[in-house]
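Report on one structure; see the data block that follows.
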Amino acid sequence: MQYPLVSTAWLEANLFEADVIILDASMDNVIGKTPIVYDKFIAIPRAQKIDLETVFCDTSATQVHAMPSVEQFNQGIGNFGIDSDSTVVIYDNQGIYSSPRAWWMFKVMGFERVFVLDGGLSQWLLEGRTTADQYLQHQRQGHFKGQYQAGLVCDMAYVLARFDADDAHVFDARAASRFNGEVAEPRPNVRRGHIPGSINLPFSEVLDGHKLQATPVLQALFAQQDGGDNIERIFTCGSGITACILILAAVASGCSKTLLYDGSWSEWGRHHHLPISPCEPGVSPDA
């Protein structure tokens, strides 16, 4: 898989190229970090809004932030002007937070030329680059149509069958306090803890300020877990958003066989027949 990021310098140099499509994947609800709050609306020039919380989300699903269906995706990209040979650059206003989710969604739908802006809007502003006070409106209809790539996303049944396999690692992007069950989950009726045997790698550890850590640092983080390319890496978090930050980091470091557990802990933690660690008080590990 190709290197998944572009720099702010690259984007500024290519800002007005006709085949470059810029999407703002910022979310209203930010969980797991202190949100960056802006006094007024600000965007990168030519950016269009991609709404991960309502439009590009299967709202009919029981899980939070479910990946959209192919039909929803194709309808949603509508007038973004995306063709098969377009270059799509995605950013968000928190540095790197929700943009990797949109990036992985495009990958899941079979689009290859998609990249995350390293550092996002925060880095763009820090460097004093040009801005806009509104989104680009009324883009033309594009010709790209998504096709679902099943090998990049998995469900609860798949994780249950694979979480303790010798050739699989589950990585959890939540903070250590949530992973260890020391604090309550932010969503109601969700148990504390984590999938047994999973590895806690808080998403903040793969970030350096607004940007992704350098490749050697990321390679060292993932090298701590043996197995190399033979290991299947399944990524989870609270609801499938910040897990994609770890997927971005894994791909940037050269890892292959990366899957998103889309339901993540908001799904796993609600099902009391599924094993968790640490075990709930008064509940048998086999319950």
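Values for this structure:
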item	result
Breaking point among (1) in contact with a Ser or Thr (Cβ under 7 Å, 6 or more places away or on another chain); (2) in contact (Cβ under 8 Å) with a residue 40 or more places away in the chain; (3) surrounded by 13 or more Cβ atoms within 10 Å (Cβ to Cβ), for residue 102	(1)
Matching entry among 140, 178 (being open to solvent by 60 Å² or more (accessible area, probe 1.4 Å) and either touching a Gly at 6+ places or on another chain (Cβ under 7 Å) or in a helix (DSSP H, G or I) (or both))	140
Hey, residue 11 open to solvent by less than 60 Å² (accessible area, probe 1.4 Å) and either aromatic (Phe, Trp, Tyr) or over 20 Å from the mean Cα position of the chain (by Cα) (or both) or not	yes
Near pairs, Cβ below 7 angstrom, 6+ apart or cross-chain, from segment 166-188 (on the phi > 0 side of the Ramachandran plot) to any residue that is open to solvent by 40 Å² or more (accessible area, probe 1.4 Å)	181/192; 181/278
Counted residues, segment 58-72 - those being at pLDDT 90 or above and touching a helix residue (DSSP H, G or I) at 6+ places or on another chain (Cβ under 8 Å)	2
Any hit, segment 80-89, residues being assigned to a strand (DSSP E or B) and hydrophobic (A, V, I, L, M, F, W, C)	yes
Flag for residue 190 being modelled with pLDDT under 95 and either closer than 14 Å to residue 235 by Cα or open to solvent by 30 Å² or more (accessible area, probe 1.4 Å) (or both)	no
Any hit, segment 203-216, residues being more than 22 Å from residue 92 (Cα to Cα) and open to solvent by 10 Å² or more (accessible area, probe 1.4 Å)	yes
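The values are calculated or read from the model by the stated rules, or taken from the named source; none is laboratory data. Since we're looking at a predicted model, the values are computed, not measured. Because the Cβ atoms are built from the backbone with ideal geometry, glycine has one as well, and the counts that use them run over all protein chains shown. Just so you know, the surface numbers come from the protein's heavy atoms only, side chains and all, with ligands and any DNA or RNA stripped out. Shrake-Rupley method; radii C 1.70, N 1.55, O 1.52, S 1.80 Å.
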